[in-house]
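The values are calculated or read from the model by the stated rules, or taken from the named source; none is laboratory data. Owing to the predicted nature of the structure, the values given are computational and were not obtained by experimental measurement. Because the Cβ atoms are built from the backbone with ideal geometry, glycine has one as well, and the counts that use them run over all protein chains shown. We work out accessible area using only protein heavy atoms, side chains counted, and drop any ligands, DNA or RNA first. Shrake-Rupley method; radii C 1.70, N 1.55, O 1.52, S 1.80 Å.
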Amino acid sequence: MSKVLLGDVAIEHKETCKGDKDGYPIIGLEHLIPGEITLTTWNEGSENTFTKMFRKGNVLFGRRRAYLKKAAVAPFDGICSGDITVIEAKPDRILPELLPFIIQNDALFDFAIGKSAGSLSPRVKWEHLKNYEFDLPDMDKQRELATLLWSMDDTKKSYQKLISATDELVKSQFVGFVTLNDLFDHVTCLRRCA
């Protein structure tokens, strides 16, 4: 395992959309969910002033208010806010599937917070982020880690779906119970009044 800087294994993807933006999903900071490694929401066809392009597999890092811990891998090509830094893996140095987990970790966010400038809406620049240092194993170990981490993320998402479905089931049973009780109270009241 060797120590590397983020800038040794990744670059800031700098591409702007100069033509028609139709057909491109739009990502703003509000679409990056803290702690989530993949995008689940975005806008399509909305009016905006964004011109920063990202490509499938890039990591979108919320550079404004880094303490909110917003970063996610892009599952498609699109356009994003200027308050998002688009980070692209150097595939000969780091497995692109591992990069999102390097970015989405507390140590990097702590580093970013320490390098942020501004009082009301602090932002961190790529010039600072690229100096984040971490341990990086060889490619074979990176593949193992990426497989394990994505499996863990899949398991987490499955549990979240299960919890959500359980919540909905409990709510539906409660609503039914309240409705039956209300009906019973109404009938009892009618009997007393008659």
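Table for the structure above
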| quantity | calculated |
| --- | --- |
| Debye log10 I(q)/I(0) at q = 0.21, 0.23 Å⁻¹ for region 82-125, Cα point scatterers | -0.80, -0.90 |
| Hz values of 3J(HN,Hα) by residue in region 23-34 - Karplus curve (6.51, -1.76, 1.60), Gly and Pro given as x | x, 9, x, 10, 10, x, 4, 5, 8, 8, 8, x |
| Whole-percent carbon and sulfur share, accessible surface of the chain, 1.4 Å | 57 |
| Pairs from K14/K156; K56/K125; K3/K56; K90/K115; K69/K141; K70/K161 whose Cα-Cα separation, in the structure shown, is over 30 Å | K14/K156 |
| Convex hull of Cα atoms in the chain, direction-averaged projection (nm²) | 16.7 |
| Gyration tensor (alpha-carbon) shape descriptor, region 45-119, a/c threshold 1.5 | oblate |
| Around K14: net Lys/Arg minus Asp/Glu count, Cβ-Cβ under 14 Å | +2 |
| Region 1-99: C-alpha gyration tensor shape, a/c 1.5 cut-off, then a/b vs b/c | prolate |
| Nearest 10 degrees, 0 to 90: helix 139-193 Cα axis against the chain principal axis | 20 |
| Built amide H within the under 5 Å cut-off of R63, gap 5+ | I84, T85 |
| Region 72-87 - phi-based ³J(HN,Hα) in whole Hz, Karplus 6.51/-1.76/1.60, Gly and Pro as x | 7, 7, 7, x, 7, 7, x, 10, 9, 5, x, 8, 10, 8, 9, 10 |
| Principal-axis tilt of helix 106-115 within the chain, Cα atoms, nearest 10 degrees | 70 |
| For region 15-68: rounded, prolate or oblate by the Cα gyration tensor [a/c cutoff 1.5] | prolate |
| Amide H contacts under 5 Å for D77, placed H, 5+ residues apart | K56 |
| Accessible area, probe 1.4 Å, largest first, for residues C17, C80 | C17, C80 |
| Amide H contacts under 5 Å for H13, placed H, 5+ residues apart | V86, I87, E88 |
